[in-house]
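Here is the structure we will look at, set down as structure tokens.
The values are calculated or read from the model by the stated rules, or taken from the named source; none is laboratory data. Everything quoted here is computed from the prediction, not taken from an experiment. Heads up, the Cβs are rebuilt from the backbone with ideal geometry, glycines too, and the neighbour counts pull from every protein chain shown. Quick note on the areas: whole protein, heavy atoms, side chains included, nothing else; ligands and nucleic acids left out. Shrake-Rupley method; radii C 1.70, N 1.55, O 1.52, S 1.80 Å.
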Amino acid sequence: MTKARHDNPQSTAHSVVAACDLDRTLIYSKAAARLGLGPGEQPPDLECVEIHEGKPISFLSRASARILVELGARAMLVPTTTRTRKQYDRIELPGRTAEYAICANGGHLLVDGVTDEDWNAGVRKRLAEESAPLTEVIAHLEAVVAPEWVRKLRVAEELFTYLVLERELVPAGMVEELTGWADERGWGVSLQGRKLYFVPRSLTKGAAVDEVRRRTGVHTVLAAGDSLLDIELLRAADEGIRPAHGELAETGWTAPHVTVTRHAGVRAGEEILTWLLGRVEAAAA
């Protein structure tokens, strides 16, 4: 596949990049949309952005959809996700098509929808030098997990792996035990909903965002994310925001340049987009 390149700092008229995690930051399952709601409360009206196997599975609020269109017109919106390219392709966000997108936790940089093969090759070289091989991690997981509490073991883009759990059946201390084992081998672990991710520590969204900054020459990078896998993304930004739910909220992670939303769930998504648009407007003033 021929890759597109945008190394000219004048390739975009925008002076701000908004690099945003997707799941549980901008888009939500119906269950996750209810986070932070009290008994009897209903989430705002939702708009579907992903259909899988004929079923609508991911949503944002209608207010978020309107803000997202305006944000995409005024800044370079860079979807930044741990999803594989195939999973990312299922999402139909409102507004203009992204010039850059980051998939597989930074393993793939898409330029106008096309994989930059040079970037991916560099990532794989770095992982081979700094982390235990994926095959070792998969072999260990296959040896220690049990079908009673693991529904599936998935490999993503031959870069990392994850388990789909029956969370209520996971043995006490198992996640911590696996986290310690992975850490000794240069891998990180992130629990997001029913999925337990095992990702090389040197595979980061932040490195890919740094590359987007270099290629475009933008003055400001903003970022949003909710999980441990978003820490390097937020650190790579000039300013960031995280929702009041997710792993970062549960662990109390923050940084001086990172704002925390007042709301959780899909309302946090609205708050994040409103904040991003406000910062873009401030940068243009």
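Would the range 48-58 turn up any residue that is aliphatic (A, V, I, L, M), part of a helix (DSSP H, G or I) and within 18 Å of the chain's Cα centre (by Cα)?
Going through the range 48-58, the residues aliphatic (A, V, I, L, M) turn out to be 49, 51, 57.
If we keep only those that are part of a helix (DSSP H, G or I) too, we end up with none.
No, there is no match, as no residue in the range 48-58 is aliphatic (A, V, I, L, M), part of a helix (DSSP H, G or I) and within 18 Å of the chain's Cα centre (by Cα).
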**Message:** Against the definition (open to solvent by less than 50 Å² (accessible area, probe 1.4 Å), closer than 30 Å to TRP181 by Cβ and in contact with a helix residue (DSSP H, G or I) (Cβ under 7 Å, 6 or more places away or on another chain)), how does ALA208 come out, yes or no?
**Reply:** yes
**Request:** May I ask you to list the residues in the range 111-153 that are of a type in the set (Ser, Thr, Tyr) and closer than 16 Å to ARG85 by Cα?
**Result:** THR115
**Message:** Can you say whether GLU250 is of a type outside the set (Gly, Ala, Ser), open to solvent by 60 Å² or more (accessible area, probe 1.4 Å) and within 24 Å of GLY173 (Cβ to Cβ), as far as the supplied structure shows?
**Reply:** yes
**Prompt:** Are there any pairs, at least 6 apart or on different chains, whose C-beta atoms fall under 7 Å, with the first in the range 25-53 and free of Cβ contacts under 8 Å to residues at least 12 places away in the same chain and the second surrounded by fewer than 18 Cβ atoms within 10 Å (Cβ to Cβ), and if so, which?
**Reply:** CYS48/PRO56
**Fill in**
In the range 37-72, anything loosely packed, with under 12 Cβ neighbours inside 10 Å and out of contact with any helix residue (DSSP H, G or I) (no Cβ under 8 Å at 6 or more places or on another chain) is listed as GLY38, PRO39, GLY40, GLU41, GLN42, HIS52, GLU53, GLY54, LYS55
**Complete:** Every listed condition ((1) among the hydrophobic types (A, V, I, L, M, F, W, C); (2) buried (at least 21 other Cβ atoms within 10 Å of the Cβ); (3) within 18 Å of the chain's Cα centre (by Cα)) holds for ALA182 save (3)
**Request:** Return the residue satisfying two criteria in turn: it lies in the range 81-120 and is open to solvent by less than 10 Å² (accessible area, probe 1.4 Å) and among the small types (Gly, Ala, Ser), and of such residues it is farthest from ARG201 (Cα to Cα).
**Result:** ALA101
